[in-house]
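Chemist: Quick one: the structure is below, and I'll ask about it shortly.
The values are calculated or read from the model by the stated rules, or taken from the named source; none is laboratory data. These numbers come from a predicted model, not from an experiment. As a convention, Cβ positions derive from the backbone with ideal geometry for all residues, glycine included, and neighbour counts pool all protein chains shown. We work out accessible area using only protein heavy atoms, side chains counted, and drop any ligands, DNA or RNA first. Shrake-Rupley method; radii C 1.70, N 1.55, O 1.52, S 1.80 Å.
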Amino acid sequence: MMGHDCRSRGQLSRPRFFRKCVICGGTGIKKRGMQQADYNQAMASAANGSKRARQPEDVRLVVDTIPALAWSARLDGSAEFFNRRWLDYAGLTAEEAADWGWTVAVHPEDLDRLTDYWRQVLASGVAGEIEARLRRYDGEFRWFLFRAEPLRDDSGEIIRWYGANTDIEERKRAEALLAAEKKTLEMLAGGAPLADILKNLCDAIDAQAGNTISTVMLMDEDGVRLWPAAGPRLPKGWIAAITPLKIGPFTGSCGTAAALKQRVIVSDIAADPLWVEFRDVALSYGLRAAWSQPLLSKNKQVLGTFGMYYTEPRTPSETDLRLIEGAGHIAVIAIEGERSQAALTKAFDEIAKSEAELRTIIDAIPELITTIGRDGNFQYANQAVLEYTGLTKEEVLTREGVKSERMLQVFHPEDSERLRDEREAAISRGVPFEYERRVRRKDGQYRWFLVHYNPLRDKRGQVIRWYATATDIDERKQAEERTRQENFALREEIDQVFMFEEIVGSSAALKTVLSGIMKVAPTNSTVLITGETGTGKELIARAIHKGSQRAGQPFISVNCAAIPASLIASELFGHEKGAFTGALQRRQGRFELADSGTIFLDEIGELPSETQIALLRVLQERQFERVGGNRVIPADVRIIAATNRDLSAAITAKAFRADLFYRLNVFPIHVPPLRSRKEDIPMLVEYFVKRYADKASKRISKIDKATLKLCQAYDWPGNIRELQNIVERSVILCNGDTFWIDEAWLTCYGALRPKSSGLLTESLKSYEKELIEAALAESNGKVAGTNGAAAKLGIPRSTLDLKIKQLKIKKNTPGKPRD
């Protein structure tokens, strides 16, 4: 083989250092004279460490010539060489990739797993392989199979490692499509709703194609509108903006694809005329590229579209086009299958035809997978089961109605006895179930597995077989046992710790609060905690729970202001399946989760009036019902509520029920603001400095006296939370061992709090009233909802109701928006 000058002959095919010679692949070495036999012999010599390729120069010559991404590494695992194809692919120079620099080309989600495995291979001295994603020079990540082989000298000692990376992106996507099609057919056979099937398809595509947001839209009966049917990762605001979507040109990729009945690829939404109508909305939600595949029936009727969004401009490759086409094909199967019983029968035929192919895929899956007949006997086991247990296929399968004794022997006898009745009962019910059990490895060691059972049904809904998958959870079980043992010791230690360890201070005002906590904590009385924002009301609630007889039970915290008014009842009391749109399954509420423990209702003053009534029932009768349910559920829960609002004023304005207030106000505790307990500030500063210095691994031993005086002179409108944030920021900026606070940080906050005056107050009320009236006029008097006045003003509905009453505004007051 002879070298040649690529640059002088003009054979370079790409610009900059990505360029590659079309004759030699960029190495400067011609390959035309190398016969296949010589090539194979050279590679074998390099792998076996023979004299012919023993010298590094010879080995590198071979590796740099082969048409593969190849590399070599030192004994410590650091890279010493990458062939030209590897460097061209990753867009790196040899210097950038050397040692551990190559890791910049590995997908961040795969890097730890890949490097950990590489270190295991190095320690074992045995060849290994693993799948991971590698970044191409243009920024796209693709799946590769990483293989590594040791090179040994005559004495058997490893002197170097060689490896190759093989692109398996096509295979991974093909496997994903096949798995998605199989899952779709099985869900159709099991009678799953179309929405669930399409969501599962989108999840499968999103998991395989990085940075993809998949969606399916279905055509309306009138044939002129598309409705979102699935898109788990789509922003909710974007879904609302395109519901429904009228098909036609300039309505984005999906609307245009449905109108033209052909695939539409928009690589950059910001510059494409097809997005003229929805461009600003799409860009506001971070959508930058959109591809759409029309879903056509056999008679070319548009059933809908399958779309793929990206958060960066992107032009599809051939692999991408095959992926979106394959996903669209699966979506058509699902839609037609759901709409036609004949298509369902065909789905079973498709399953039967592809059984051999599916078994090949199942054998390649590293999880233990078995097929069980409707009677519970084993019918099939994949290759992973055989390799793990050491059994043969004949020893696994049931013969003539007799259970395989050899298969039964691999299960731990204690688990078999414990699970026998449970397994038979679950199989008889015909619904999915799972349990944990120990399975013996071929070396005699038992390991814990989580076993999932899923039924396969015929078109009449009858179970024809079961699929069981077993996932190794032995390390998790061992960790749980260690944690359980540690908890016994920790619980004894925790019980000895003073219950107010996070409530810092010694002022008279704080002592009054602590005295109230100590008195009320051992009881089951309801407590109402009041105080400004940032004073530590939740810490007070936790201290009460810790000092109560319910300390070992759950403490559930709920911020009532952070939950939409339409969902607060469901969040607190749970809901039944089908109680409202989107309620696909039964859900437990916070009160059920807090059973036998304590529930803390923060910002209680923000509760809607209808939820106040339901909470009053819980306080009076100690029971409730789920949303959409009729079963009465007892509530053995202690209630602690908190608010920074004046509930008396809210009662006067009829925004808060008086009877609920009296039920909550059994034992009131008022938490004083920080400006009322300034003698506690030095102690609080010292406490927070120590906490954040330890967290930042800094040694701060002194606190500047001027800083303490500055802190005590400041009013702290944000109370302890503001002090905590200021201290954390200062610790980050401190370089020495003395803690200090920049005076400008406090004076700028003080400047934001001008003294009030009667004239200004009246002006603000007048301006506020004018804004509210304008918003009500725009929404035709409607307060709640996405088009209501509360949404237009950007405030909670309950807050707007209170202001309407305080300002004596009529909801149907005519008005017009301000200029």
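Chemist: Does D138 meet the test of being in a helix (DSSP H, G or I) and closer than 25 Å to P313 by Cβ? Let's see the steps before the verdict.
Modeler: Values: in a helix (DSSP H, G or I): no; closer than 25 Å to P313 by Cβ: yes.
The answer is no for D138.
Chemist: Moving on to the next point. Tell me, please, whether a residue that is within 25 Å of N787 (Cα to Cα) and open to solvent by 10 Å² or more (accessible area, probe 1.4 Å) can be found in region 255-274.
Modeler: No; the residues of region 255-274 include none that is within 25 Å of N787 (Cα to Cα) and open to solvent by 10 Å² or more (accessible area, probe 1.4 Å).
Chemist: From F600, F591, which residue is part of a helix (DSSP H, G or I) and surrounded by 20 or more Cβ atoms within 10 Å (Cβ to Cβ)?
Modeler: Numbers: F600 fails: part of a helix (DSSP H, G or I).
One residue alone meets the criteria, F591.
Okay, residues lined up against (1) part of a helix (DSSP H, G or I); (2) open to solvent by less than 40 Å² (accessible area, probe 1.4 Å):
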residue	(1), (2)
S697	no, no
C711	yes, yes
E722	yes, yes
N725	yes, no
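Chemist: Against the conditions (1) basic (K, R); (2) in a loop (DSSP other than H, G, I, E, B); (3) over 29 Å from the mean Cα position of the chain (by Cα), where does R617 fall short? Just the number, please.
Modeler: (2)
Chemist: Please go through region 504-530 and give me each residue that is surrounded by fewer than 19 Cβ atoms within 10 Å (Cβ to Cβ) and either within 36 Å of the chain's Cα centre (by Cα) or part of a loop (DSSP other than H, G, I, E, B) (or both), ordered by number.
Modeler: Within region 504-530, V504, S506, S507, P522, T523, N524, S525, T526 qualify.
Chemist: Just to be sure, is F498 open to solvent by 80 Å² or more (accessible area, probe 1.4 Å), at pLDDT below 85, among the aromatic types (F, W, Y) and part of a loop (DSSP other than H, G, I, E, B)? Explain how you work it out, then say what you get.
Modeler: Values: open to solvent by 80 Å² or more (accessible area, probe 1.4 Å): yes; at pLDDT below 85: yes; among the aromatic types (F, W, Y): yes; part of a loop (DSSP other than H, G, I, E, B): yes.
Criteria met by F498.
Chemist: Where the second residue is in a loop (DSSP other than H, G, I, E, B) and the first is open to solvent by less than 40 Å² (accessible area, probe 1.4 Å) and lies in region 123-146, which pairs have Cβ atoms under 6 Å and are six or more apart or on separate chains?
Modeler: Sorted first by the residue in region 123-146, then by its partner, the pairs are R133/H107; W143/I168; L145/I168.
Chemist: Which count do you get for residues in region 658-682 that are open to solvent by 70 Å² or more (accessible area, probe 1.4 Å) and either free of Cβ contacts under 8 Å to residues at least 60 places away in the same chain or in contact with a strand residue (DSSP E or B) (Cβ under 8 Å, 6 or more places away or on another chain) (or both)?
Modeler: Within region 658-682, residues that are open to solvent by 70 Å² or more (accessible area, probe 1.4 Å) and either free of Cβ contacts under 8 Å to residues at least 60 places away in the same chain or in contact with a strand residue (DSSP E or B) (Cβ under 8 Å, 6 or more places away or on another chain) (or both) number 5.
Chemist: Among the residues of region 287-305, how many are at pLDDT below 90 and closer than 15 Å to I239 by Cα?
Modeler: Adding up the residues that qualify gives 0.
Chemist: Select from region 531-569 the residues that are in contact with a Pro (Cβ under 7 Å, 6 or more places away or on another chain) and closer than 24 Å to R797 by Cβ and write down the one among them that is surrounded by the most Cβ atoms within 10 Å (Cβ to Cβ).
Modeler: I568
Chemist: Still on this structure, please answer the following. Could you identify the single residue in K459, K442 that is of a type in the set (K, R), in contact with a helix residue (DSSP H, G or I) (Cβ under 7 Å, 6 or more places away or on another chain), in contact (Cβ under 8 Å) with a residue 60 or more places away in the chain and part of a loop (DSSP other than H, G, I, E, B)?
Modeler: Values: K442 fails: in contact (Cβ under 8 Å) with a residue 60 or more places away in the chain.
Among K459, K442, only K459 is of a type in the set (K, R), in contact with a helix residue (DSSP H, G or I) (Cβ under 7 Å, 6 or more places away or on another chain), in contact (Cβ under 8 Å) with a residue 60 or more places away in the chain and part of a loop (DSSP other than H, G, I, E, B).
Chemist: I would also like to ask the following. What tally of residues in region 284-311 results from selecting those that are assigned to a strand (DSSP E or B), small (G, A, S) and under 22 Å from the mean Cα position of the chain (by Cα)? Quick ask: steps written out before the conclusion?
Modeler: Of region 284-311, the ones assigned to a strand (DSSP E or B) are 289-296, 302-310.
Restricting the remaining residues to those that are small (G, A, S) gives 289-290, 292, 304, 307.
Subset that is under 22 Å from the mean Cα position of the chain (by Cα): 307.
The total comes to 1.
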